[in-house]
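Remarks on the structure that follows.
The values are calculated or read from the model by the stated rules, or taken from the named source; none is laboratory data. Bear in mind that the values here come from a model prediction, so they are computed numbers and not experimental data. Glycine gets a Cβ as well: all are built from the backbone with ideal geometry, and neighbour counts include every protein chain shown.
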Amino acid sequence: MTSVVDDTDPSLLDCDTVVERLGSDAERGLSMQEAARRLVEVGPNEITAEPAVPRWRKFVEQFRDPLIYLLFVAIVISLIVWAVDGASGWPVDAVVIAAIVVANAVLGYAQRAHAERAVEALMRMSAATATVIRDGVQRRVPTRELVPGDVLVLAEGDTVAADARLLSASTLQVSEAPLTGESEPVLKDASTLTAPAALGDRLDMVFNGSAVNRGVGRAVVTATAMATQMGQIVVLLRAVQQEPTPLQLEIARLGRVLGIAVLSIAVVVIAAVLLVFGVDNIGNVVTALLLGVSLAVAAVPEGLPAIMSVVLALGVRRMAARNAIVKDLSSVETLGSASVVCSDKTGTLTTGEMTIGRIVTPVGEVTVTGAGYRPDGRIELDGDPLADDGELGRQCALVLGIGSLANDATVQEQDGEWTVQGDPTEAAFLVAEGKVGSGYRQDGRFSRVGEIPFTSERKLMTSVESDTRHGGRIVVLTKGAPEVLLGRCSHVQVGERTEPLDEVWRTRVIDDVERLSGDAYRTLAVAYLRLQRADPPEIDESLERNLVYVGMVGIIDPPRPEAAAAIAEARGAGIRVVMITGDHPRTAARIARDLGLTMEGSAVSGVDLGEFTEDQFRETVRRRSVYARVSPADKQRIVDALHADHHVVAMTGDGVNDAPALKAADIGVAMGRSGTEVAKEAAKMILADDNFATIVNAIREGRGIFSNIRKFLRYLLSSNMGEVLTVFLGVVLARANGLTDGHSGIALPLLATQILWINLLTDSGPALAMGVDRETEDVMSRPPRSLSDRIIDARMWGGIVVTGVVMALATLLTIDLYLPGGLIAGDESLDTARTAGFTVLVLAQLFNSLNARSETGTAFRRLFANPWLWVAIAVSALLQVAVVHLPFLQHAFSTEPLSLAQWAVCIAMASTVLWVSEIRKLLLRVLDHRRHVAAHANR
């Protein structure tokens, strides 16, 4: 047993009851013998690791793809054809396809080598040692040896190594952001809770993985290892099944379609040849079989997996240059398909840095601009800079000066980055003081002679200072919760004078507190008292009497300046943005309104979600966009509900609590700077700059990549369709177009070597160049791709078939043009006619590469936007010229030289692919316009 007995929430039990149930002693702790016995019983305080998957198995998994299976079949068929044909030379087809398959697997393995180390990261987060009391003696022990019932001693800088119930706490502030998403440290209190509370509100508990920012405390361990809150997150993380990405599903579906098509092609071609030419001898049968299987292999775009991987890898590099680091190749396109982005608040939509945004004094109220710990910004009154020498300016400077002196934090710059040591709320005073240029803490005027520390009971912190400008007279400077501080004040500072703090002033201050709190600001007030003495007084709470109230500040973790624009762009692209945070509901709602994310008056809390039925939960997720105080399980349920509505979900996060939802989402996005290692390892993408706007840029990149995948699929499949139809129609219509051979009765329009050359020449360079094509249409102007949308839809299949038919007809008409007999009488040899047809098919595919850049847009729009495509076209054309005119290549590919006139005919015939496609696209644009007008008229 690794947690407190009876499954009772220890936060609801008083300290004595928890200690009694755990069989411990609040003063002496456990005995060494009892601790050793319990360690044997419950096991070490470690997150248990799952068995490692061998590397060889990870590599083998790269071959689990229907398209790869199809290529394996193509390799086997190629080897059979090579063997039946005499096994002369190397089986080039089989070797090339095998090399492509292996290269694709190596690339995929390399990209995913570091994708599954989330549990290891959790283990690395654990503290090495912890301070406990055993046998009444304080000892340091390895954290793995902690057991339920141990009494922990907590101090500033410690990492909490287990879940524990507080026995005592003095100014104990704990950072729980990795577990709860709370943006500021939590002030702990050993008092027993009166009702069940969310994780972030269990003030009498400390949790494994959190860090002590300030103060000291003692706590009895209630849960270790997998029974801790962190351990339960690991259980959730392991229970999440990784689903295939939309692109993987589509490619698998395409592989199945191509498999059926290849089998059909082989059967149909063999049957057609035997029907047309008969089965007079065994030679005809063998020739028909070899032709059928060879053409089936040619129909497989064997370069598709490799080109897909290369294009995705190039997309990964482009994203990395823009601060989006993608760990899994297929996730690049998934992000482009996202229809919902579920974002954490702290550090993602906000800066993650506590900032003073308002200063309210008895003289007036001002706004402080700038966000975070960088001292950029100013004090404004109604949008204009506040004069430093005016009454309001001087009082604001006094408020910030007192807050900076009654302060133990430091802010420093290193390599352009501003960091804080100490309480982030206190640091906010130092940053704001730098914006007004007062600098009480830095000018040497005051020196500290004593301090009354902050405690959870007092909710005040007082610094006793010596003022060198007034002969070393003692000044008492106090900051704290306004409602508490007012009780210690007798006067109020109004400009240069002081007035009694009567009920009118008290009511006015309380109204200001409520107004700022309603705007989700955390409020802190400041006051002072000048003593008529220079010698240090006795430092105790008696000094915190008859103070003069000066003013208060409103502190908030502000929105990132660029986040609102990014959310607006996402909405314009049809993407819904949902905020899911562990922070306070009021704060979450305020930030959401500031960002324009929603106009909802409140956030849905985790407690509310727990009370909903399943149907109510799903309906809430459909309608509401802001969630606060949610648990890791709630986040995962929200993602699951969105999946049930067929959404592609991107989930951002930075804490341990986000890891299960990051893994459950279609693409988890972790923060690179503020994110925990657990979040980074569970996610598929990491934002190097923690910037929500980077997600929108990455979505644009992902959509562009998907558009380019469609381009080269359109190109590859239509080109292969042209090759298949050329051979098929050439055989079926052999007698009509003069393609007959006096010996076997069968004369092929293309030879096997020529088909292989076309695949190597046109299926690589141009296809790869299209994978890096720039946008031909605004990809962010249309809604996200639906999960029901096919990567190759009916319209695209129609274009593929039309293009293939035009290619085949242009090729066969060119052959017929030069052959004696047929529809058009020519006078050239079969080799010359075949060379001309071979050349037309190559050039037609090069024209088709221009064509395939858009489904409906003209090829002449941004014709020269992709220089790599033109390089690929030029190289392919020159290589075709070499095949036709260089003697040693003529021998290898059975070609004859062509005259300039014949080249002109070939170019003209090949260009028909482009012109027919332009006519088709024009018709589609007209049809789309009419549909749009009709739809608009029916609204």
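Go through segment 375-389 residue by residue and tally those that are touching a strand residue (DSSP E or B) at 6+ places or on another chain (Cβ under 9 Å) and in a loop (DSSP other than H, G, I, E, B).
Matching residues across segment 375-389 total 8.
Taking the options ALA432, ALA397, name whichever one is part of a helix (DSSP H, G or I), in contact with a strand residue (DSSP E or B) (Cβ under 7 Å, 6 or more places away or on another chain) and farther than 26 Å from ALA169 by Cβ.
Sole residue among the options that is part of a helix (DSSP H, G or I), in contact with a strand residue (DSSP E or B) (Cβ under 7 Å, 6 or more places away or on another chain) and farther than 26 Å from ALA169 by Cβ: ALA432.
Take residues that are over 26 Å from ARG622 (Cβ atoms) and tell me which of the strands (runs of 3 or more DSSP E) falling wholly in segment 633-718 contain 1 or more.
Where strands (runs of 3 or more DSSP E) fall fully within segment 633-718 and carry at least 1 residues being over 26 Å from ARG622 (Cβ atoms), they are 667-671, 685-687.
Looking only at residues that are within 17 Å of ALA844 (Cβ to Cβ) and crowded, with 17+ Cβ neighbours inside 10 Å in segment 857-876, which one is farthest from the chain's Cα centre (by Cα)?
Only one residue fits best here, namely SER876.
Kindly indicate which of ARG458, ARG441, ARG448 is assigned to a loop (DSSP other than H, G, I, E, B), over 12 Å from ALA409 (Cβ atoms) and either modelled with pLDDT of 80 or more or basic (Lys, Arg) (or both).
ARG458
Can you tell me which residue in segment 587-615 is surrounded by the most Cβ atoms within 10 Å (Cβ to Cβ), limited to those that are in contact (Cβ under 8 Å) with a residue 12 or more places away in the chain and polar (S, T, N, Q)?
THR587
Within segment 385-404, work out how many residues are of a type in the set (A, V, I, L, M, F, W, C) and under 18 Å from ARG497 (Cβ atoms).
The total comes to 6.
Please work out if THR462 is surrounded by 21 or more Cβ atoms within 10 Å (Cβ to Cβ) and either charged (D, E, K, R) or more than 25 Å from GLU391 (Cβ to Cβ) (or both).
It is true that THR462 is surrounded by 21 or more Cβ atoms within 10 Å (Cβ to Cβ) and either charged (D, E, K, R) or more than 25 Å from GLU391 (Cβ to Cβ) (or both).
I need the helices (runs of 4 or more DSSP H) fully contained in segment 477-580, keeping only those with at least 2 residues that are among the charged types (D, E, K, R) and under 30 Å from ALA661 (Cα atoms).
Qualifying helices (runs of 4 or more DSSP H): 563-572.
Might you let me know whether segment 504-512 holds any residue that is over 19 Å from VAL363 (Cα atoms), surrounded by fewer than 22 Cβ atoms within 10 Å (Cβ to Cβ), outside the structural domain of LEU187 (by TED's automatic domain parsing) and in contact with a strand residue (DSSP E or B) (Cβ under 8 Å, 6 or more places away or on another chain)?
Within segment 504-512, not a single residue is over 19 Å from VAL363 (Cα atoms), surrounded by fewer than 22 Cβ atoms within 10 Å (Cβ to Cβ), outside the structural domain of LEU187 (by TED's automatic domain parsing) and in contact with a strand residue (DSSP E or B) (Cβ under 8 Å, 6 or more places away or on another chain).
Got at least one residue in segment 645-667 being out of contact with any strand residue (DSSP E or B) (no Cβ under 7 Å at 6 or more places or on another chain) and surrounded by fewer than 21 Cβ atoms within 10 Å (Cβ to Cβ)?
Yes, the conditions are met somewhere in segment 645-667.
Could you check segment 678-732 and list, in sequence order, the residues that are under 23 Å from ALA338 (Cβ atoms) and of a type in the set (Asp, Glu)?
Scanning segment 678-732 gives GLU681, ASP689, ASP690, GLU701.
Please go through segment 883-939 and pick out each residue that is in contact with a His (Cβ under 9 Å, 6 or more places away or on another chain) and either polar (S, T, N, Q) or farther than 23 Å from GLU828 by Cα (or both).
Hit for segment 883-939 is THR895, nothing else.
Can VAL119 be described as modelled with pLDDT of 85 or more and surrounded by fewer than 23 Cβ atoms within 10 Å (Cβ to Cβ)?
no
Using the structure shown, decide if ARG920 is exposed (fewer than 14 other Cβ atoms within 10 Å of the Cβ), of a type outside the set (S, T, N, Q) and at pLDDT 85 or above.
In short, no.
Looking at (1) assigned by TED's automatic domain parsing to the domain that holds ILE705; (2) part of a loop (DSSP other than H, G, I, E, B), which is the one condition that is false for LEU760?
(2)
Of the numbered conditions (1) in contact (Cβ under 8 Å) with a residue 24 or more places away in the chain; (2) among the charged types (D, E, K, R); (3) within 23 Å of ALA397 (Cβ to Cβ), ARG497 fails exactly one; give the number of that condition.
Checking ARG497 against (1) in contact (Cβ under 8 Å) with a residue 24 or more places away in the chain; (2) among the charged types (D, E, K, R); (3) within 23 Å of ALA397 (Cβ to Cβ), the one that fails is (1).
Which residues, taken from segment 411-438, are modelled with pLDDT under 80, within 18 Å of VAL368 (Cα to Cα) and crowded, with 18+ Cβ neighbours inside 10 Å?
VAL436, SER438
For (1) at pLDDT 85 or above; (2) out of contact with any Lys or Arg (no Cβ under 7 Å at 6 or more places or on another chain), each residue gets a yes or a no:
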{"residue": "THR351", "(1), (2)": "no, no"}
{"residue": "GLY357", "(1), (2)": "yes, yes"}
{"residue": "PRO362", "(1), (2)": "yes, yes"}
{"residue": "VAL366", "(1), (2)": "yes, yes"}
{"residue": "ALA371", "(1), (2)": "no, yes"}
{"residue": "ARG378", "(1), (2)": "yes, no"}
{"residue": "LEU381", "(1), (2)": "yes, yes"}
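For the structure I just gave you, tell me whether ASP583 is modelled with pLDDT under 90 and either part of a loop (DSSP other than H, G, I, E, B) or assigned by TED's automatic domain parsing to the domain that holds GLY200 (or both).
It is true that ASP583 is modelled with pLDDT under 90 and either part of a loop (DSSP other than H, G, I, E, B) or assigned by TED's automatic domain parsing to the domain that holds GLY200 (or both).
Considering only segment 631-638, I want to know if a residue exists there that is touching a strand residue (DSSP E or B) at 6+ places or on another chain (Cβ under 9 Å), at pLDDT below 85, buried (at least 24 other Cβ atoms within 10 Å of the Cβ) and of a type outside the set (D, E, K, R).
No; the residues of segment 631-638 include none that is touching a strand residue (DSSP E or B) at 6+ places or on another chain (Cβ under 9 Å), at pLDDT below 85, buried (at least 24 other Cβ atoms within 10 Å of the Cβ) and of a type outside the set (D, E, K, R).
Pairs, please: C-beta under 9 Å, at least 6 apart or cross-chain, first residue without any contact (Cβ under 8 Å) to a residue 12 or more places away in the chain and in segment 190-212, second among the charged types (D, E, K, R) and buried (at least 21 other Cβ atoms within 10 Å of the Cβ)?
none
Identify all residues within segment 468-506 that are under 50 Å from the mean Cα position of the chain (by Cα) and more than 17 Å from ILE402 (Cβ to Cβ); write none if there are none.
Result: GLU483, GLY487, ARG506.
Can you name the condition, by its number, that MET780 falls short on among (1) of a type in the set (A, V, I, L, M, F, W, C); (2) part of a loop (DSSP other than H, G, I, E, B); (3) not assigned by TED's automatic domain parsing to the domain that holds THR858?
MET780 satisfies every listed condition except (2).
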